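Participant: The following block contains the structure, expressed as structure tokens.
The values are calculated or read from the model by the stated rules, or taken from the named source; none is laboratory data. Nothing here was measured: the structure is a model prediction, and the numbers come from that model. Here the Cβ positions follow ideal geometry from the backbone for every residue, glycine too, while neighbour counts run over all protein chains shown. Accessible surface is based on the protein model in full, side chains and every heavy atom, while ligands, DNA and RNA are left aside. Shrake-Rupley method; radii C 1.70, N 1.55, O 1.52, S 1.80 Å.
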Amino acid sequence: MSKIKSGYTLWLPKETCMGMIVFFDANRDTVNKLPIVDLALKHQLAILFITTDNPVEFLFAEKKMIELEGYIYEALSKNKIPKNNLLYCGMSLAGTRALKLAAFSQTTHSQHKIIPKAIAICDAPLDMVRNYHECKKASELNLNPIGATESEWIAAYLKSNLKGTPENALKAYINYSPFCYTAENGGNAKAFKNIHLRCYTEPDVNWWIENRGRDYYGMNAIDLAALVNQLKILGSKKAELITTIEKGFKGDGSRHPHSWSIVDENELVEWFVKLPAQ
């Protein structure tokens, strides 16, 4: 896997900064800025894009979480941005990173203890026990070249970094996963009980069946729904599942429910701005 330049890109409003939106992906293009940048700046919010040197960073290593937390801390402290008004965002694996870092910051290993007020994730894989088994199945069935190749790589990557399969390294999979359905109380789910959480997904199962040979068990939607449900069971009133219909499209216009396009960015920013102070 080719490395990328680690670090961050920060957009700042011209006036006093009231908070910050953090994206955990490699889109650090300062020329072709995303629409959400202007939406954030209009509301006097900074917007930060942070990455390690790995474009498919799973955050297996603690030092990588320390690195990302350090970038956020530097952006906050150097620009006098309120630490208590942060929104973490991420699509797919970047959403997994957002949850991983929020959970890590609540541990004794965290130096800065930066806990976001809110998190918005879009179709992120959370339960790596399920994810491993479904990737293994998709790889073996080989019904779709794109899906099979990606799935084979993910299964092997999980097995390598977690030192085995869920059958012989279950504890490692549960400890790593932001949420695990088969673990008591969802494993690490409690870390998000006091954080405003939005989970976006477009559970178009027919698209997945026809185009990838996958059903509900092979969709990240099942993780998101289960996490929100678990948090409600734990007493959270801050978690919500947002499902959409036929809003998922890639940048080239092709249909794909696993896309950030299902997120109404304007409504998301408005929601965050209206959240009560903590």
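Participant: Taking a cut-off of 15 Å between Cα atoms, list the aspartates and glutamates near residue 136, but don't count ones fewer than 8 places away on the same chain.
Facilitator: Correct list for residue 136: 127, 150, 152, 167, 215.
Participant: State the answer as a single residue: which of 34, 85, 51 lies farthest towards the positive end of the charge dipole of the range 24-150, with beta carbon charges of +1 for Lys and Arg and -1 for Asp and Glu, about the Cα centre.
Facilitator: Final value for the positive-end residue is 85.
Participant: Follow-up. Could you calculate the contour length gain from residue 34 to residue 18, that is, 0.36 nm times the residue separation minus the distance between their Cα atoms, to one decimal place in nm?
Facilitator: Stretched out fully, the residue 34 to residue 18 stretch lengthens by 3.8 nm.
Participant: Still on this structure, please answer the following. Once ligands and nucleic acids are excluded and a 1.4 Å probe is used, how much of residue 176 is accessible, expressed in Å² to the nearest 10?
Facilitator: Here the accessible area works out near 10 Å².
Participant: Average projected area of the Cα convex hull of the range 58-127, in nm²?
Facilitator: With every direction weighted equally, the projected area is 4.5 nm².
Participant: Moving to a separate point now. Once label points are set 7 Å from the Cα along Cα→Cβ at both residue 233 and residue 182, what is their separation, rounded to one decimal in nm?
Facilitator: 1.6 nm
Participant: Mind computing the radius of gyration and Dmax over the alpha-carbon atoms of the range 152-207? Å is fine for both.
Facilitator: 14.1, 36
Participant: Label-point separation (nm) for residue 211 and residue 111, each offset 7 Å from Cα along Cα-to-Cβ?
Facilitator: Placing both labels 7 Å along Cα→Cβ, they lie 4.3 nm apart.
Participant: Now a separate question. When the dipole is taken about the Cα centre of the range 133-182, and only Lys, Arg (+1) and Asp, Glu (-1) are charged at their Cβ, what size is it in debye, to the nearest 20?
Facilitator: For the range 133-182, the charge dipole is close to 200 debye.
Participant: State which entries of 3/63; 14/83; 117/232; 3/83; 64/159; 14/78 exceed 23 angstrom in Cα-Cα distance in the structure shown.
Facilitator: As for pairs spanning more than 23 Å Cα to Cα, those are 3/83.
Participant: Then there's this: For residue 5 and residue 79, what is the calculated FRET efficiency with R₀ set at 22 Å and r taken between the beta-carbons, to the nearest 0.05?
Facilitator: 0.55
Participant: Given only helices, namely DSSP H runs of n ≥ 4 each adding -39500 (n - 2.57), what is the per-residue ellipticity at 222 nm of the chain, to the nearest 500 deg cm²/dmol?
Facilitator: The helix contribution divided over the chain gives -12000 deg cm²/dmol.
Participant: Can you tell me what share of the DSSP beta bridges in the chain is antiparallel? A percent to the nearest 5 is fine.
Facilitator: Within the chain, antiparallel bridges account for around 20 percent of the total.
Participant: Further question on the same structure: Sorted by mean Cβ packing within 10 Å, highest first, what order do the peptides 124-135, 48-59, 203-214 take?
Facilitator: Packing proxy ranking, top to bottom: 124-135, 48-59, 203-214.
Participant: Let me ask you something else. ³J(HN,Hα) across the range 50-58 via Karplus (A = 6.51, B = -1.76, C = 1.60, θ = phi - 60°), whole Hz, x for Gly/Pro?
Facilitator: Karplus values, whole Hz, x for Gly and Pro: 10, 8, 8, 7, 10, x, 10, 5, 9.
Participant: Now, a different point. Using the Karplus equation 6.51 cos²θ - 1.76 cosθ + 1.60 (θ = phi - 60°), what ³J(HN,Hα) coupling, rounded to whole Hz, does each residue of the range 138-146 give in order, writing x for Gly and Pro?
Facilitator: 4, 5, 5, 5, 6, 7, 9, x, 5
Participant: Then there's this: Can you find, among 233, 206, 131, the residue farthest towards the positive end of the dipole of the range 114-235? Put +1 on the C-beta of Lys and Arg, -1 on that of Asp and Glu.
Facilitator: Farthest along the dipole direction, towards plus: 233.
Participant: OK, next. Taking the chain as a Gaussian network, Cα atoms linked when under 10 Å apart, which of 190, 83, 63 shows the biggest mean-square fluctuation?
Facilitator: Of the options given, 63 has the highest mean-square fluctuation.
Participant: In square angstrom, what is the accessible area per residue of the range 24-141 with a 1.4 angstrom probe?
Facilitator: Heavy-atom accessible area per residue stands at 38 Å².
Participant: Could you rank 201, 149 by how accessible they are, 1.4 Å probe, largest area first?
Facilitator: 149, 201
Participant: Would you look at the GNM of the chain, springs on alpha carbons closer than 10 Å, and say which of 105, 177, 77 moves the most?
Facilitator: Comparing 105, 177, 77 in the GNM, the peak value goes to 77.
Participant: Per-residue HN-Hα couplings for the range 207-218, Karplus 6.51 cos²θ - 1.76 cosθ + 1.60 at θ = phi - 60°, whole Hz, x for Gly and Pro?
Facilitator: In residue order, the calculated couplings are 4, 5, 5, 6, 9, 10, x, 10, 10, 4, 5, x Hz.
Participant: Taking the Cα centre as origin and putting +1 on Lys and Arg beta-carbons and -1 on Asp and Glu beta-carbons, what dipole magnitude results for the chain, to the nearest 20 debye?
Facilitator: It comes to approximately 920 debye.
Participant: Using 0.36 nm times the number of residues separating residue 277 and residue 246, minus their current alpha carbon distance, what extension gain do you get?
Facilitator: 7.7 nm
Participant: Summarise the accessible area of the range 9-83 (1.4 Å probe, protein heavy atoms) by the percent that is carbon and sulfur. Before the final figure, lay out each step's value.
Facilitator: On the way: 1890 of 3530 Å².
Carbon and sulfur: 54 percent of the exposed surface of the range 9-83.
Participant: Which residues does the label zone of residue 168 cover in the range 115-157, counting backbone N under 15 Å from a point 7 Å along Cα→Cβ?
Facilitator: It comes to 156, nothing else.
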